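One structure below.
The values are calculated or read from the model by the stated rules, or taken from the named source; none is laboratory data. Not measured: the values here are computed from a predicted model. A quick note on method: Cβ atoms are made from the backbone with ideal geometry, for glycine too, and the neighbour counts reach across all protein chains shown. Surface accessibility is based on the protein's heavy atoms, side chains included, excluding ligands, DNA and RNA. Shrake-Rupley method; radii C 1.70, N 1.55, O 1.52, S 1.80 Å.
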Amino acid sequence: MRKTNPAARIKKFSRTPRGTRAVLWGAFFLFWAGLAPFFPFIGLYYESINLNGSQIGQLGSIRSLVSFISSILLAFLSDFLRRRKLILRACILGMIAALLIFPHAASFATLLPIVMLYSIFLSPTTAILDETTLRSLDNPRDYSKVRLGGSVGWGILVFITGWLLDNAAVNLTVIFYLHITLLILLFVFSWLLPETERAPGVSVKKASPKDVWEMLRLPAFLPWMGIIFLWGVVVSSIVNFSFLHIKHLGGGTSLMGTAISVSILGEIAGFTAAKRIQHKVGSRMMMALAFATHVIWFTAVSLIKQPASILFYQALGGAGYSLLHAGSVAYVDLRAPGRIGTTAQAVRGAIQFGLGSGTGALISGVLYQAYGSAALYRTMAIISLIAFFLALLLRSLELSRVKGSAH
């Protein structure tokens, strides 16, 4: 009896529906596990090399604004060439190159070009993974179940990183090498990702800039992108300054890792329930509810005096993130032409993680430097409350327009 090569068996399994979901889950796990040692702890690294709050905010802003441009351009290139996996691998290699240089920079001026290089290659990866998942699943609403892999990976690696920094003889540069290790694994793993670009015997019109323009002109599309922009603004304060907030309250890196791990429980619960919530209230209401959770989170975190108290609210913050992410991905997928699916998700990501996060990083840096983290989070609670009511208003206006056109 002829033995089957293990690699061939894995490849064959990855082409089954169950295997496809497992591969996509694993890709999200590796990607977000790689980001977990980096983003939550990079503010601590910057402060350890004597950057001030304003400079930390500027680096976060520059990273986001560069991502805003590069994500759309590289995602459109992947749609135009129909070579998503090729672009994904190129981006992974680009991030690895930037991360290898990162630990050797010790000033704002030397960090600036490295942050820009890293940002160019980071941003398209999420759009490519999202679009590959949506095109590979029989039911796109199952996206949230697959995206759970990213939440699990993020939670595990944040906890491990926090423990290492507190209990092992390592310094903060370990965050770069952990990130690199996970990216190398993702690069190898990418050969298992399903093919979504080429359908044999089927003629598909190539993506064009006109398609993007038509998408942007869809009724209410840009206003909803404005809501997503506000999400990027408020969440940027968490990404860049939440660990500094815990540190100044007296908490250590183990607590920081535990706090993120607790938030992941809320995120997992949110992604698990996302399909049912979307079926009941729709993707637009999901985005509104995300802001409601963050009004509570920001208010509570701005008032606490004991660092460990943050653990009581972290699950709520994680649930809010999953609602916004699943809701916004579903909204864009429903409205965008399929041939520019990656570009459409990149536009969403660029507005949230690029323009929104960049603006939020600048605002957060100024507020943190001038008034401290508690005042920063009180401000973000107010912005979240405004965004919540704007999302409800926009949804109401859309429903009224649809009912009016039906008569």
(message) Considering only residues that are among the hydroxyl-bearing types (Ser, Thr, Tyr) and over 22 Å from ALA75 (Cβ atoms), which ones fall in the stretch 211-269?
(response) SER237, SER242, THR253, SER254, THR258, SER261, SER263
(request) Please work out which one of (1) open to solvent by less than 10 Å² (accessible area, probe 1.4 Å); (2) farther than 19 Å from ALA105 by Cα is the condition SER61 fails and give its number. (result) (2)
(message) Only one of SER48, SER54 is modelled with pLDDT under 85 and polar (S, T, N, Q). Can you tell me which?
(response) SER54
(message) Which numbered condition in (1) in contact with a His (Cβ under 8 Å, 6 or more places away or on another chain); (2) surrounded by fewer than 22 Cβ atoms within 10 Å (Cβ to Cβ) is the only one that PHE38 fails?
(response) (2)
